[in-house]
């Protein structure tokens, strides 16, 4: 008996706190809530969201994709007001247009203990035609105050096959989430959960039976008369249903050094794989990666483009007439494409204008340029293949299918090595791609119709060497020379930044953040020859390099190159820090001290390591009479720093910063 | 007579043009002086405006621009905005290579079309057509021709012969043909400095204008560059006829045609606001209640439709929906104030951190923002109605110190908004600092900010705690190993003062060398960002908002340490400001550091820049200077 009462009490207790998520059933408790107990700093909270995607059937259009969205959002304070505005993206392509129907929205406020409802009217709904392919339907809720609850629902009907990503995480926390996607057995999708997400809810997959009544009309001719009979058949088929039910989904919160927060959002991603009609015949869209490679090789705006060569044959033959080695040929062709065709800033792994047109007009999208490059390399008997990539902003390709990709480069395989080329960027060199193209792995699509993966993370360290000579004068100004050499990504960044600078601007740039300095004889070598390391030299005169207190003189060996602050200030991280490439910086410093002074103390030599030897900071100091020598190296072998290593990495940076700010102390003799 | 003139125009103009054009299509004909500091060169820019009547005008533009490098692409000037009242009649671009051979032609239908909804705006009915062209080589030249018909004559296109920084102009002309019989007003600024010729009453020509470089601390571009403004004395904006002989008339028209009839409120709110303010006698107190009521009731949502975004939403709609843009919210506040018998004026202004005036001597449609003015003695109280949190009467950093147009029942009037003087823009920092023998520091800091500095500081209170801690680590980024122990804020909106109480710890703040500790006694307010050095500065410079910093720190030195070296007192007085610092020994283990920095508001000649910069450098040097403590053991 006792257990039963307990159970009853529990049930009642539970019931009284459970909420009613039917439209319009907003409770006083919801309106009274002043903060989210699980995340008190949240400016707003999604109390309930329900996202349903399914296929309606009617005899005229067949299956039509439908998405129902319902949200109830609590706004705690003024910074949460943005959540009272919703934007629905509506795709349009000629007559194929998505539609938003049944938009209903209400704001609830508590006024003198009573719930006051304000409905969204037409004057709060705006339809913006962004461009040919996209409309934004926007609405903003009326009568929003601190404490308001807003509720809205709408339906999107779509003539398109593809299913949009289903977001399971937002910039504010979600208390209750329900999402379901129900797909008739004829349409087969691959489903993936973003593997970079830090929050993964439980996902249920079930098969359910569905019955449709199909009305058909039969007309029979019998001599002079014809009769029409109507019959109704029952049609039974299976549906694959994916369901997510989750409580207290944490907010997706931004962090420093995260270039695209969306990369970490919890979401379901869908790829259309194949169609099987009721008679059992298949149409494949994508199944295995090799299948993808085969399919894409047959497409006219991909594989077809690689087969064309007559448009360039004459020019390329001329270009290569004196070339002997394969490497020479590769470089000639690479430079030729870069100078011949300019990138129009559009991504894509399929061509926009076609290679021939792009060649003629001198501009094209990524595929126009890099498929042309691949075709020319093949023409020169180089083993070159296109490599499909998903750019940084485009997430990572999750499943066999082309939908995950949006970029293509050329990959040359020679002597167990792969050289990756991207001719869209004039400062790019072999294996030094634009940053947006360096994301996880690329897929090489071979002529044989097979595929292979290639890790795009740069392996070779980017090297910078600085030689800094300094002479401390009697008046405590410093004169000296600098030589700075850099390779690959560092050189590429430098060239790209300086490309349109006048001599004046270059000087302003190099003098920036170096204190009271005057730079002369500034010379940048090989600014335009991207195949050489970049070197610059200058002479300087520094007024603010030395600190004099009492009769002591203090100076930082690295002068204006010293790290002034630790860039990492937060205590812990949720997401990794991506340096993109490993690097190796070396500073060689020679300092000459003034007459009448001697070294009282010098920074001591030291070595600090991060995560065994993934990172190493080495500081070597040497006193040699009036000449002081320092060799300082920073070596980072691992370019991705994981959140669990963050604390160590922050400490590593702190030690580097502290060490670099240590001073030489000179005393009068 | 008129006919005769037009005939000449038609006959002569095209001839003159073709001969000229051909030469200009080649890069090689650009004079050497126009290439200097230029990313693009305007070879020719013919602007022709035909005023057909008070409600119809046609703008024709023929433009040849040579783009010298990829930074010049943004100067091509081939984007045209339109909406229901602006229709594009002609749009064509032709591209030429360096030697002037045509390589591409782009017709009107090949221009891309997109909506023009600026950031922060929910919806606008403006659209754009723009040229999408990927340059295949540099330099290249674009010949662009457009014809645009306006059914709204409120804005007559003006003219900037120098279009911006890093772009030079070989030749540009501006010409108005007035067929309407309505008087046209024109105002030119800085034309003499650039030898711009006046060819006729409504006709100008500029030639050989070299590119200007941007420089730090320079005034707004329109202060020193040539600008022409034009307006019709009778015009129409979307079916509303207006008159514009002077600011008085123009303001009257604006008030009567666009604003005043939108101020009706529902009966319920009238009673409500009257009841709320009944108990207080003074207008200012009533206004404070109304402002607070509006802030609680509304939020800022920008929707720009109709009449070029110049007509406010109905006050009743703002009340019902609880949102509006600057016009709607200001107008709503005004309607509420009307109800409680407090006079206020709808005010048109240029909003933004840079100070830009509504031109007092030239009435026309100007401004980007609307605020509310409440007359108070001989001055005004300014209300920013788009903020839900701003204190009553606070308008620093966005609408301060500039000429604005107020709409009074008698008509428009230009008045100057509140100036925040350096002495009002005070930041007072006090700190108790305890130093250990290892050089670690514990400190309790209080910062009180007022005036413009209130605006820079109060923002921190809206951040999550984690970000607040990061904010202070960034604020004192020169202190390494800094840990924030506690933070507290007090926002006193009545006196407009923001107080921050922070306690923190920093390991090894003082650096240890042997038995000595070195530290900078100016722990919490170090000036940095020395103004950029220019070997040959071209532009004058301004400090728009001066300020006043006052610091007092008590430093407890560790036991068994003596003071070995202290810095001397510093006093610097310059036209740009003043700096004072001193450190005194209070007792054997206590030092007191005092610092005052005043930066004056002012406008200066380019010749003074070096002195200004040197003053700054000296301050930076003194701010960093250190003292030495020596161990007695």
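So the values come out like this:
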{"read-out": "Exclusive hit being away from every other protein chain (no Cβ under 14 Å), in contact with a strand residue (DSSP E or B) (Cβ under 7 Å, 6 or more places away or on another chain) and within 28 Å of residue A:188 (Cβ to Cβ), set A:296, A:350", "value": "A:296"}
{"read-out": "Residue check, residue B:427 without any contact (Cβ under 8 Å) to a residue 12 or more places away in the chain and closer than 29 Å to residue A:79 by Cα", "value": "no"}
{"read-out": "Residue check for residue A:80: touching a residue at least 40 places away in the same chain (Cβ under 8 Å), more than 9 Å from chain B (Cβ to nearest Cβ) and surrounded by fewer than 14 Cβ atoms within 10 Å (Cβ to Cβ)", "value": "no"}
{"read-out": "Looking only at the range A:354-390, and only at residues there that are assigned to a loop (DSSP other than H, G, I, E, B) and buried (at least 22 other Cβ atoms within 10 Å of the Cβ), the one that is farthest from the other protein chains (Cβ to nearest Cβ)", "value": "A:390"}
{"read-out": "Conditions (1) under 30 Å from residue B:419 (Cα atoms); (2) more than 14 Å from every other protein chain (Cβ to nearest Cβ): number failed by residue B:623", "value": "(2)"}
{"read-out": "Residues (closer than 15 Å to residue B:529 by Cα and outside any helix (DSSP H, G or I)) located in the range B:598-625", "value": "B:599"}
{"read-out": "Residue match in the range B:261-283 (condition: surrounded by fewer than 17 Cβ atoms within 10 Å (Cβ to Cβ) and modelled with pLDDT under 90)", "value": "no"}
{"read-out": "Residue match in the range B:258-281 (condition: farther than 27 Å from residue B:329 by Cβ and not in a strand (DSSP E or B))", "value": "no"}
{"read-out": "Subset tally (residues that are surrounded by 20 or more Cβ atoms within 10 Å (Cβ to Cβ) and not in a strand (DSSP E or B)) for the range A:640-649", "value": "1"}
{"read-out": "Residues of the range A:498-531 satisfying the condition of being part of a loop (DSSP other than H, G, I, E, B), more than 10 Å from chain B (Cβ to nearest Cβ) and surrounded by 14 or more Cβ atoms within 10 Å (Cβ to Cβ)", "value": "A:514, A:526, A:527, A:530"}
{"read-out": "Options A:468, A:534: the member that is touching a helix residue (DSSP H, G or I) at 6+ places or on another chain (Cβ under 7 Å), more than 12 Å from chain B (Cβ to nearest Cβ), closer than 30 Å to residue A:596 by Cα and in contact (Cβ under 8 Å) with a residue 12 or more places away in the chain", "value": "A:468"}
{"read-out": "Residue that is crowded, with 20+ Cβ neighbours inside 10 Å, at pLDDT 95 or above and not in a strand (DSSP E or B), where the choices are B:346, B:291", "value": "B:291"}
{"read-out": "Elements of type strands (runs of 3 or more DSSP E) in the range A:544-597, at least 3 residues being surrounded by fewer than 19 Cβ atoms within 10 Å (Cβ to Cβ) and modelled with pLDDT of 95 or more", "value": "A:583-592"}
{"read-out": "Residue count, the range B:117-142 (criterion: in a loop (DSSP other than H, G, I, E, B) and either modelled with pLDDT of 90 or more or facing another protein chain (nearest Cβ under 10 Å) (or both))", "value": "11"}
{"read-out": "Scan of the range A:295-310 for residues that are surrounded by fewer than 17 Cβ atoms within 10 Å (Cβ to Cβ) and touching a residue at least 12 places away in the same chain (Cβ under 8 Å), ordered by number", "value": "A:299, A:307, A:308, A:309"}
{"read-out": "Meets criteria (surrounded by 19 or more Cβ atoms within 10 Å (Cβ to Cβ), more than 13 Å from chain A (Cβ to nearest Cβ) and touching a helix residue (DSSP H, G or I) at 6+ places or on another chain (Cβ under 9 Å)) for residue B:423", "value": "no"}
{"read-out": "Number of positions in the range B:450-492 that are more than 14 Å from chain A (Cβ to nearest Cβ) and under 26 Å from the mean Cα position of the chain (by Cα)", "value": "8"}
{"read-out": "Odd one out for residue A:477, checked against (1) under 23 Å from residue B:534 (Cβ atoms); (2) surrounded by fewer than 17 Cβ atoms within 10 Å (Cβ to Cβ); (3) away from chain B (no Cβ under 14 Å)", "value": "(3)"}
{"read-out": "Test: residue B:414 is more than 27 Å from residue B:600 (Cβ to Cβ) and either within 35 Å of the chain's Cα centre (by Cα) or away from every other protein chain (no Cβ under 14 Å) (or both)", "value": "no"}
{"read-out": "Condition broken by residue A:495, with the remaining ones in (1) more than 23 Å from residue B:535 (Cβ to Cβ); (2) away from every other protein chain (no Cβ under 14 Å) satisfied", "value": "(2)"}
{"read-out": "In the range A:340-353, the residues that are farther than 22 Å from residue A:451 by Cβ, in contact (Cβ under 8 Å) with a residue 60 or more places away in the chain and surrounded by fewer than 24 Cβ atoms within 10 Å (Cβ to Cβ)", "value": "A:343"}
{"read-out": "For residue B:494: the one exception among (1) in a strand (DSSP E or B); (2) in contact (Cβ under 8 Å) with a residue 60 or more places away in the chain; (3) surrounded by fewer than 17 Cβ atoms within 10 Å (Cβ to Cβ)", "value": "(1)"}
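Yes or no, residue by residue, for (1) surrounded by 20 or more Cβ atoms within 10 Å (Cβ to Cβ); (2) at pLDDT below 95; (3) farther than 14 Å from residue B:628 by Cα:
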site: B:523; (1), (2), (3): yes, no, yes
site: B:535; (1), (2), (3): no, yes, yes
site: B:555; (1), (2), (3): yes, no, no
site: B:560; (1), (2), (3): no, yes, no
site: B:563; (1), (2), (3): no, yes, no
site: B:569; (1), (2), (3): no, no, yes
site: B:572; (1), (2), (3): no, no, yes
site: B:589; (1), (2), (3): no, yes, no
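Residue by residue, here is whether (1) crowded, with 17+ Cβ neighbours inside 10 Å; (2) touching a strand residue (DSSP E or B) at 6+ places or on another chain (Cβ under 7 Å) holds:
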| residue | (1), (2) |
| --- | --- |
| A:271 | yes, yes |
| A:290 | no, yes |
| A:312 | yes, no |
| A:318 | no, no |
| A:323 | no, no |
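Residue-by-condition table, conditions (1) more than 24 Å from residue B:138 (Cβ to Cβ); (2) within 14 Å of another protein chain (Cβ to nearest Cβ); (3) touching a strand residue (DSSP E or B) at 6+ places or on another chain (Cβ under 9 Å); (4) at pLDDT 95 or above:
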| position | (1), (2), (3), (4) |
| --- | --- |
| B:36 | no, yes, yes, no |
| B:57 | yes, no, yes, yes |
| B:71 | no, yes, yes, no |
| B:79 | no, no, yes, no |
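Yes/no per residue for (1) surrounded by fewer than 17 Cβ atoms within 10 Å (Cβ to Cβ); (2) at the interface with chain B (Cβ under 8 Å from one of its Cβ atoms); (3) out of contact with any strand residue (DSSP E or B) (no Cβ under 7 Å at 6 or more places or on another chain); (4) at pLDDT 95 or above:
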| position | (1), (2), (3), (4) |
| --- | --- |
| A:93 | yes, no, yes, no |
| A:99 | yes, no, no, no |
| A:113 | yes, no, yes, no |
| A:119 | yes, no, no, yes |
| A:133 | yes, no, no, no |
| A:137 | no, no, no, no |
| A:149 | no, no, no, yes |
| A:152 | no, no, no, yes |
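The values are calculated or read from the model by the stated rules, or taken from the named source; none is laboratory data. It should be emphasised that the depicted structure is a prediction, and the values quoted were computed from it without experimental measurement. Neighbour counts run over all protein chains shown; Cβ positions are idealised from the backbone, glycine included.
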